[in-house]
């Protein structure tokens, strides 16, 4: 894995909300800028062993959870391994899954 800057779940959430505010991303607007984040779930969150890629979930700032004016709270994510293609991350974090760390995967503007 490349050299990444690890941040907490709370820092990741704050970063994506701030990103959306700074780029004018709203519930009804176009999506001109994107930031993808990865949350790595701690191994002890599971009853069996999973690879790092299977415990790493990618999601973007365009989820309702990160748009301040939006009434929704969903975060759709997929594992980097591809074995868990579409989950509602907010239903697991922080309730039953502990986030080990997060990192910014990619940021771009159209």
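Read-outs throughout are calculated quantities, based only on the coordinates presented, and are distinct from any laboratory measurement. Worth saying up front: this structure is predicted, and the values here are computed from it rather than measured. With ideal geometry, Cβ positions are generated from the backbone for all residues, glycine too; neighbour counts draw on all protein chains shown.
Is the shape of region 27-81 best called rounded, prolate or oblate, per the rule: a/c under 1.5 gives rounded, else a/b larger than b/c gives prolate, else oblate, with a ≥ b ≥ c the square roots of the Cα gyration tensor eigenvalues?
Numbers: a/c = 4.04, a/b = 2.24, b/c = 1.81.
It comes out prolate by the Cα gyration axes.
Report the FRET efficiency, 1/(1 + (r/R0)^6), for residue 105 and residue 76, where r is their Cβ-Cβ distance and R0 is 25 Å, rounded to 0.05. Please list the in-between numbers first.
Numbers: r = 15 Å, r/R0 = 0.60.
Calculated transfer efficiency: 0.95.
According to the square roots a ≥ b ≥ c of the eigenvalues of the Cα gyration tensor, what is the shape class of region 9-109, taking rounded for a/c under 1.5, prolate for a/b larger than b/c otherwise, and oblate for the remainder? Walk me through the numbers before you get to the answer.
Working: a/c = 2.13, a/b = 1.86, b/c = 1.15.
Cα axes put region 9-109 in the prolate bin.
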For the Cα atoms of the chain, what angle does the longest principal axis make with the long axis of helix 9-22, in degrees from 0 to 90, nearest 10? 20 degrees
What spacing in nm lies between the two simple spin-label points modelled at residue 11 and residue 98, each 7 Å away from Cα in the Cβ direction? 1.8 nm
If we count other beta carbons within 10 Å of each Cβ, what is the order of 6, 48, 18, fewest first? 48, 6, 18
Region 69-91 scanned against label point 7 Å out from residue 58 along Cα→C-beta; backbone N under 13 Å for 77-86
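Arrange the following residues from fewest to most other Cβ atoms within 10 Å of their Cβ: 66, 76, 19, 46.
Numbers: 66 25, 76 16, 19 19, 46 13.
Neighbour counts put them in this order, fewest first: 46, 76, 19, 66.
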